[in-house]
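Notes follow the structure.
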Amino acid sequence: MNRDEPEPLWIAFVHVAPSNLSAPIAGHKGAYANVVGAARDRESFIRRLAGAAADLNLHLLEVEDVEPLSERLHKWQVDPEIHDLARDASTEAEAVHFGTFHAYAETDG
């Protein structure tokens with residue numbers, strides 16, 4: 001990849017838990033969310049994702065369905081939120097964008 005070319009966008013589905021009361025899902029046991037960000041490869045994306053989760057005071061518990069966003073869009077019809085995340089991520093090369101956190105409570109189950 002040429003250094004002047006933008007890095008491709010990647011997508012994943014994550015499971016996170018709050019690490020402290022400053023987390024956006026504080027008061028919940030955990031949450032699931034889609035995440036989109038630019039990276040040169042899968043490993044780079046997961047590293048950026050882990051850093052972004054830590055910055056939000058979240059523990060990254062699971063990362064699933066990691067693939068280039070272009071492949072996901074080719075295979076599936078996606079929620080409009082994914083397109084919004086992709087638009088935002090395409091303008092911020094180092095940022096990872098989390099979609100809506102679908103949180104669950106301590107007492108679920």
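Read-outs: derived from the displayed coordinates by stated rules, not from any lab. Because the structure is predicted, anything quoted here is derived from the model rather than measured. Quick reminder, even Gly has a Cβ in these numbers, built from the backbone with ideal geometry, and neighbours come from all protein chains shown.
Counting only Cα atoms, I'd like the Rg/Rh figure for the chain, Kirkwood definition for Rh.
Details: Rg = 14.1 Å, Rh = 14.3 Å.
Rg/Rh for the chain comes to 0.99.
Which residues make up the longest stretch of the chain clear of trypsin sites (Lys or Arg not before Pro) that lie in a DSSP loop with no more than 15 other Cβ atoms within 10 Å, not counting the sites? Here the longest segment lacking exposed loop sites spans 41-109. The C-alpha atoms of the chain define a longest principal axis, and helix 42-55 lies at about 40 degrees to it.
Label-to-label distance, ARG40 versus ASP65, with points set 7 angstrom from Cα along the beta-carbon direction: 2.8 nm.
How high is the FRET efficiency from ALA54 to GLU92, r the C-beta distance, R0 22 Å, rounded to 0.05?
Once rounded, the FRET efficiency stands at 0.80.
Modelled label positions at HIS74 and HIS15, each set 7 Å beyond Cα in the direction of Cβ, lie 2.9 nm from each other.
Over the stretch 8-51, what number does the Rg to Rh ratio reach, with both radii from the alpha-carbon atoms and Rh per Kirkwood? Rg/Rh: 1.05. Exposed loop sites, defined as GluC sites (Glu not before Pro) outside DSSP H, G, I, E and B with at most 14 other Cβ atoms within 10 Å, are absent from the longest region of the chain, namely 1-91.
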